[in-house]
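Let me begin by presenting the structure, written as structure tokens, before commenting on it.
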Amino acid sequence: MMAALMPPRKESRTKLLWFAFVLSIITYIDRVCISTAAPAIRQELGLSTVQVGWMFSVFTFAYAFFEIPSGLFADIIGPRRMMTRIVIWWSAFTAATGLAWNFTVLLVTRFFFGVGEAGAFPTISRSFSRWFPRREVGNAHGVLFMGTRFGGALAPPLVVAIMTFAGWRMSFFLFGMLGVIWSVFWWKWYRDDPREHAGTTHEELQEILEGIEQGHRATIHWREFFSGNLLLICLMYFCVGYAFYFYLTWLPTYLKEARGFTTQQAGLLAGLILFAGGVATAMGGRLTDFLVRRYGLRIGRSVGVVAMPASGAILLIVASTENAMLAAALLALAAAVADLCVSACWTMCHDVAGDAAGTATGCMNTFGNLGGAISPLVVGYAVQWWGSWSTPLIVTAGVCALCGLLTLTIDPTRRLRVSEHALTAGGPPRPTTLVRSDSRSLSTESHL
């Protein structure tokens, strides 16, 4: 599957996609680890359902609050330094989670984990804006977010296996090491400008520069943060994040407590459900690029108009069925259908912001993580107050329907106003010319 998604005969871009894919796997192993370990943590620390909800959400609130500053900082200092800082920080606090001895320490640790990981996906998305021609950005995001679902799929069985032999704390110590190893290789290999990378051939560089502004660094004008179009993108992704975080946080507990599966069965099924989402995410990246080439940006980025309401309709069936295996199968289908639109969501930020994609995706992902922070709390309070697992599923279905309506109102052809700064130090900026890309003419350098 991965070979089919990688750019053919384009070694540098292929390696960058592998870095992004492995990073996203590690990111979500570290995130989902706590949802799989939640029953054991809850029992050892004596946590209530609401406290478990806050354990999930405090990370996401911190992640959301620091997302825009991190995305902006990535636009300023570049993905190489920013990603190294992010990954080392979050890896340290992943390991520190295994040292928590009470609820307060657990909350503080998870908060700083969220602070550290904030900006990871806007930063890696920002690297795509420099290394991929516009026509390949959707597929690149498909590979990236396929890795997040695969990481989420790998975490439950891995955590269950580690817990069986060494306890839940050891799983956090081991997973914290993965990010440190990744960051060493990233720092050694990656360069913010593909022209500075020794492994990029002349032919590949010409193709990379097609449709990309390489002579300037762009930042979004502050008034554009109040743009109606950007606000619609953010609200749309709030809904996507709200729906997704049920799978990311409460899914193993739901399968165990609401559907009667064992811990091992719940871990395996949760992994399979997220794996289905990963396959769909990769398909969605190819789908949005194909639709853009065939029908233009408005239709190509509107995958969520159909996908999200369809996912919500499936969740309504899950809430009403009493068959445990049917519910698990339908949850996999609902997750997969929703994930078809993820690449389109992230790629439309490149459409409207261009080289300032780090800031635009940071804005969008802030709202997505606010939705993701609220979602576990809604589930926790609903289960504690009403003893119902169906109520939060019905609420999520409504949020999915709203997401479809919001996606319909977004115009990806409307560019945000950005401020451009020359990248060259100690000399004038290089001359630029217009090169035709698949979707529009964009400024790119006239010489290599």
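Just so it is clear, none of the values below were taken in a lab; they were calculated from the coordinates. Note that this is a predicted model, so its numbers are computed, not measured. Here Cβ is always computed from backbone atoms with ideal geometry, including for glycine, and neighbour counts include all displayed protein chains.
With both labels modelled 7 Å from their Cα along Cα-to-Cβ, the residue 320 to residue 164 distance reads 3.9 nm.
In the elastic network of the chain, a GNM with C-alpha springs shorter than 10 Å, the most mobile of 258, 360, 38 is 258.
Treating r as the C-beta distance of residue 108 and residue 11 and R0 as 45 Å, the FRET efficiency rounds to 0.55.
Annotation note: chymotrypsin sites (Phe, Trp or Tyr not before Pro) in segment 42-108 located in DSSP loop regions with a Cβ neighbour count of at most 16 within 10 Å are 101.
Charged neighbours of residue 324, selected by a Cβ distance under 15 Å, balance to 0 (K, R count +1; D, E count -1). Only helices reaching 27 angstrom along their own axis (Cα) with mean Kyte-Doolittle hydropathy no lower than 1.0 count here, and for the DSSP H runs of the chain these are 137-166, 390-409.
Relative to its Kirkwood radius, the Cα radius of gyration of the chain gives an Rg/Rh of 0.97.
Tell me, how many Å apart are the Cα centres for segment 132-209 and for segment 235-266? So the separation of the two Cα centres works out to 24 Å.
Checking every one of the trypsin sites (Lys or Arg not before Pro) in segment 81-173 against DSSP loop status and a limit of 15 other Cβ atoms within 10 Å picks out no site at all. Given the Cα atoms of segment 216-334, and with Rh set as the inverse mean 1/r over their pairs in the Kirkwood sense, what is Rg to Rh to two decimals? Ratio of gyration radius to Kirkwood radius for segment 216-334: 1.08. Ranked by how many other Cβ atoms sit within 10 Å of their own Cβ, fewest first, the residues 409, 361, 14 fall in the order 409, 14, 361.
In this structure, residue 384 and residue 202 have a Cβ-Cβ separation that, at R0 = 60 Å, corresponds to a calculated FRET efficiency of about 0.45. Rounded to the nearest 20 debye, the dipole magnitude of the chain is 240 debye, with +1 charges on Lys and Arg beta carbons, -1 on Asp and Glu beta carbons, and the Cα centre as origin.
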